[in-house]
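The values are calculated or read from the model by the stated rules, or taken from the named source; none is laboratory data. As the structure is a prediction and not an experimental result, all values here were calculated from the model. For neighbour counting, all protein chains shown are included, and Cβ atoms are generated from backbone atoms with ideal geometry for every residue, glycine included. Just the protein is used for accessible areas: all its heavy atoms, side chains included, with ligands, DNA and RNA removed. Shrake-Rupley method; radii C 1.70, N 1.55, O 1.52, S 1.80 Å.
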Amino acid sequence: MAALKIRKVYANQPSFQEITLNDGLNLILAERSEGSSEHDSRNGVGKSTFIEVLHFCLGSSLTAKSVISQLRNSDWQFGLELEIDGARIHVRRSFSAPNQVIVSGNLRQLGLEDENRMFPDEGQTLSVKAWKDFLGSVTFGLGKDIVTQKFSPTFRALITYFARSDRDGYIDPFTTSRQVRTWQKQVFNAYLVGLNWNYASQWEELREEEKAIRTINKGSATRNRELMYELENERVRLIAEQRRLEEQVSNFVVVPEYKVIETEARALTRQMRDLANESAILSQMLEKYEEQMESESSGDLDKVQQIFEEAGLLFPEQLSRNLDQVVAFHSQVTQYRRDYLSNEIIRLRKQVHDNQQRLAELDQQRSTRLRMLNTGGAVEELGALQVKLGRTLERLQVVDNRLSSLETVTADEANVASGRQALLSRALLDRAERRARWSAVIANFVAATEYLYDNPGTLNFGVNENGYTFQTKMPRSGSDGVENMAIYAYDIALTQVWSAQLNRPGFLVHDSILYEGVDERQVALALNYAKEQAERYDFQYVALLNTDDLPTDDLAQLGLDWRRYVRRELDDSNASSTLLGFRF
């Protein structure tokens, strides 16, 4: 790895305010004239545009919200003069060919020279990707073994911690954009502070695996277990049902003309019911006639005689008939009735007997048919059984598949959980082994915050089952300005460590956004501390400030002659005094 310093920022248009940067402290000031209006300064004078140009030449993609994106269809070309490990080179990138850069200068020393170039003085053309790969390698040691991995740090991601852009870059110390995802925050910061970024990458792989598991089954672990129990019970029931139906199908005998036989059996049943009803009526009549037959006896004649005798005693003149004639007549009537009853009794007995015989015959016929029906069935019934068996097998397959899926999900969840724990154990041990590197960042952070507030802040790099954790706590927190100084202290700490231990990227750039809401005393201390550390560790500190926010009195008290470090003054008195030399 080598030091990367910015010596000059320029463009191919004469209206551009070229800026030359030195080692140590560099101030770019923006002054708002007394007569300017909000309309005049709505696009600013170019402080943030300076950072956009810097990133554009270092391989960034253009976004719609960036100022210079409005130059897309122009012939503008921006350039940087860079110093990389003592070698001076120029890089230029235009809007007419935004996918490539032209590098020139001492390319041989950096391994960028193509000996087959026809016109060496015109520079070497590289794709933006090749340029970023080169910068990542020389400034952060990002070789192919790193950049080809799925969740790995990139030059563009890491360099934003040394030149934060727009307000999204000043949300908190550990993110430089609102779009930064959890794994990126962990990977990028782990790489910068000296933790093992591969573990952060592996945590993201586990998160993706867990996400895939949840896509297959969105239930909670508890609900999955409950569902498994329910499905296991249903499976047992379905297997029993399957066996029962398979046995029925196996033993099923198809009876030819099943419907005809079934109809005949029903007809015989109706005939037997009718005969049984008829026999019941006949039996009742027979019983009645037999009772009447018994009542037709000589006792009736004796009663008649007794009546006549009594009548003769009471009415001798009126009852003069001959008693013998009456008795003879009554005997004849009684005989006739007994003969009728006797004949009816004989007839009814015969009919009842015939019915019983007929019932026996019908019962025999019906039994034959029922035996045929009981030993088999119609083709339709067999088909219905087979359909029911098929549905049972289908449901059993669904249950088996669901059970298998849940068992796999449960096993995968257990694997992820165990993987997290194993990864946590390895990361904790590795963190302890790397303490010298990351603790240096903490020490620098503490020193910077103590310098600013006479009361040190805290910076923690923790590890839990979800990955690395990063946290700061500032003295007298609650003010936006104080929290902004946590970003300042973290950036300074990183730059110090990369400069002292890893031969750096060699610059740190802060926009005026960082200093918004910060007390003037702390702004002065921050600039003075950055100057001291930049000189001590040999890096460039570039601060872009509004002149009315520059604490000149406090800087004077600290003995810092800020005028010596001003590299460019921009103002909004007229368009030509802005960085680009015009307003959109």
HN-Hα couplings for segment 185-192 via Karplus (6.51, -1.76, 1.60; θ = phi - 60°), in whole Hz with x for Gly/Pro, come out as 4, 5, 5, 5, 5, 4, 5, 6
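So for I89, I102, what's the accessible-area order with a 1.4 Å probe, most first?
Working: I89 0, I102 40 Å².
These residues rank, largest area first, as I102, I89.
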Heads up, segment 434-524 by the C-alpha gyration tensor (a ≥ b ≥ c square roots of eigenvalues; a/c under 1.5 rounded, else a/b over b/c prolate, else oblate) looks oblate
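Does segment 535-584 come out rounded, prolate or oblate by the C-alpha gyration tensor, with a ≥ b ≥ c the root eigenvalues, rounded set by a/c under 1.5 and, if not, prolate when a/b is larger than b/c and oblate if not?
It is oblate, given that a/c is not under 1.5 and a/b is not larger than b/c.
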For K388, the lysines lying under 30 Å Cα to Cα, once residues fewer than eight places off in the same chain are dropped, come out as K259
Burial-style ranking of 24-32, 528-536, average other-beta-carbon count within 10 Å with highest first, yields 24-32, 528-536
Accessible-area order for M272, M285, largest to smallest, probe 1.4 angstrom, reads M285, M272
Over 20 Å (Cα to Cα) among K5/K150; K5/K473; K65/K144; K5/K531 -> K5/K150; K5/K473; K65/K144
Shape call for segment 492-584, from the Cα gyration tensor axes a ≥ b ≥ c (a/c under 1.5 means rounded, otherwise prolate when a/b beats b/c, else oblate), comes out oblate
Given a Förster distance of 51 Å, the FRET efficiency implied by the Cβ-Cβ spacing of D363 and R235, rounded to the nearest 0.05, works out to 0.60
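Pull out the extension gain between Q351 and M228, defined as 0.36 nm times the separation in residues minus the alpha carbon to alpha carbon distance; nm, one decimal.
That pair, Q351 and M228, stretches by 37.2 nm at full extension.
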